[in-house]
1. In degrees between 0 and 90, to the nearest 10, how far off the longest principal axis of the chain does helix 166-178 point, with axes built from Cα atoms?
2. Once the piece of chain linking Glu181 and Asp239 is laid out straight, how much longer is it, given 0.36 nm per residue of separation minus the C-alpha distance between them?
3. Tell me, what is a quarter of the convex hull surface for the C-alpha atoms of the chain, in nm² with one decimal?
4. Of all the Cα-Cα pairs you can form in the range 185-224, what percent are over 12 Å apart?
5. When Arg171, Arg199 are ordered from fewest to most other Cβ atoms inside 10 Å of their Cβ, what list results?
6. Hey, got the Cα dimensions of the range 108-242 along the principal axes, in Å, largest first?
7. So if I take the centroid of the Cα atoms in the range 137-198 and the same for the range 342-358, what is the distance between those two points in Å?
8. Please get the size of the charge dipole for the chain, origin at its Cα centre, with Cβ charges of +1 on Lys and Arg and -1 on Asp and Glu, quoted in debye to the nearest 20.
Amino acid sequence: MSNQPTSTTDGPRAKRAADRTDSTVADADAVLELSNVVKEFAGERAVDGVDLAVREGELLTLLGPSGCGKTTTLRTIAGLESPTEGTVRVADETVAGDGREIPPEERDVGMVFQEFALFPHLSVAENVAFGLDDPDSEAADRRVANLLDLVGLDGYGDRSPTELSGGQRQRVALARSLAPEPDVLLLDEPFSNLDVALRVEMREEVARILNEAGVTAVSVTHDQEEALSISDRVAVMSDGQIEQVGSPASLFEHPESRFVASFLGQASFVPGKITESSVDTTIGSYGRDLLEGVTDEYVGAEVDVLVRPDDLRLSPADGEAGPISAETQPVTTADGGTSVASADGEVVQRQYTGPSFVYHVQLDDGPVVRCLHNHAEEVEIGERVSVRLVADHTLAWYPAA
């Protein structure tokens with residue numbers, strides 16, 4: 001029940017990422033197109049009617065839990081799987097479907113695998129040059145040198161892959177995939193074999209490399225932080241279908257389904273009712289414009305309002321709650337009753353993340369909600385608290401479960 005905003009992506013990809021919040025783009029702009037792609041295994045649909053288009057220079061990430069169909073979709077694009085139904089087009093050429101099946105090696109598609117798949121008996125430079133038509137030519141030498149410089153491995157050409165760190169091997173694998181200048185580059189969980197610190201560093205570095213190379217790329221991951229941090233657009237998948245496609249900000253702030261809301265970050269759903277002038281919830285009554293897209297046709301509807309941990313604050317139940325932001329000032333309810341500024345409950349769980357605590361609060365008259373606080377603001381499990389809304393933005397909502 002949310003409107004899809006225009007992308008507000010910042011950084012070097014901003015111009016190419018503009019207006020990419022739709023699930024499809026104009027045919028003239030698409031380098032990669034999937035139309036009603038279905039893939040069945042023993043009668044079970046792993047991919048179920050996927051429609052997707054990716055523009056030149058865009059990094060799109062397929063995101064979802066294990067078994068949702070994202071890897072099968074990637075393998076179908078690469079030609080490692082054949083679609084049961086539908087078509088795959090790369091650079092205006094049908095490579096699968098409509099009676100055609102172009103083998104993987106003849107598709108202009110590169111792939112970076114989880115395990116990098118480098119040849120240990122070849123040098124770094126020889127690995128990068130492996131996919132070129134004439135790997136021993138001067139042109140190939142120049143191409144390899146330029147790519148090693150791009151990935152930050154200038155001077156490493158004569159080394160063996162066994163002498164490199166995990167992050168360096170990943171850079172070599174990326175350079176090798178870029179060497180033939182593919183129309184589309186596919187990345188299959190490219191950071192899963194790296195430790196946490198290196199994973200963060202490398203995803204930023206890979207995003208930089210892809211951006212500078214201007215390559216069109218599709219990545220697969222189950223890591224929401226990874227997807228949101230490096231992608232121009234994200235396609236969230238569930239049960240073989242695409243739930244929603246959009247910029248990272250639009251998906252996180254305006255999820256169109258409960259699944260997307262719950263999969264992207266921590267989500268709490270607070271019961272409420274829409275009146276002519278307000279939305280009355282278990283944590284307060286607020287102006288109706290707090291909910292995005294609400295019109296008179298929804299008056300009387302019972303809803304569940306999405307709140308993230310940073311939308312809520314807690315304080316001791318017998319203490320001062322502090323000022324409430326102007327955006328969420330409580331109002332008089334439609335029946336003339338007194339609005340409630342907060343709700344009481346008990347801390348039942350807490351998560352320490354380093355910079356912050358996320359407190360799980362069981363409301364006396366409502367669900368468990370999560371509240372984000374600075375690590376210095378420590379509250380004990382079992383402590384009675386008061387929860388209030390501090391969001392300074394409109395909130396997504398869904399029909400009551």
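1. In the chain, helix 166-178 runs at an angle near 60 degrees to the longest axis.
2. Values: separation 58, 0.36 × 58 = 20.88 nm, distance 3.32 nm.
Length difference between fully extended and current span is 17.6 nm.
3. Values: hull surface 94.0 nm².
Taking the Cα atoms of the chain, their convex hull projects to 23.5 nm² on average.
4. Working: 474 of 780 pairs.
Tail of P(r) above 12 Å: 61 percent of Cα pairs.
5. Working: Arg171 26, Arg199 19.
Taking fewest neighbouring Cβ atoms as first place, the list is Arg199, Arg171.
6. Principal-axis extents of the Cα atoms in the range 108-242, largest first: 46, 30, 24 Å.
7. What the calculation gives is 43 Å, centre to centre.
8. Numbers: 31 positive and 72 negative charges, 88 e Å.
Dipole magnitude for the chain comes out near 420 debye.
Laboratory data are not the source of any read-out in this text; all were calculated from the coordinates shown. Quantities reported herein were computed from a predicted structural model and do not represent experimental measurements. Positions of Cβ are backbone-derived with ideal geometry, glycine not excepted, and every protein chain shown enters the neighbour counts.
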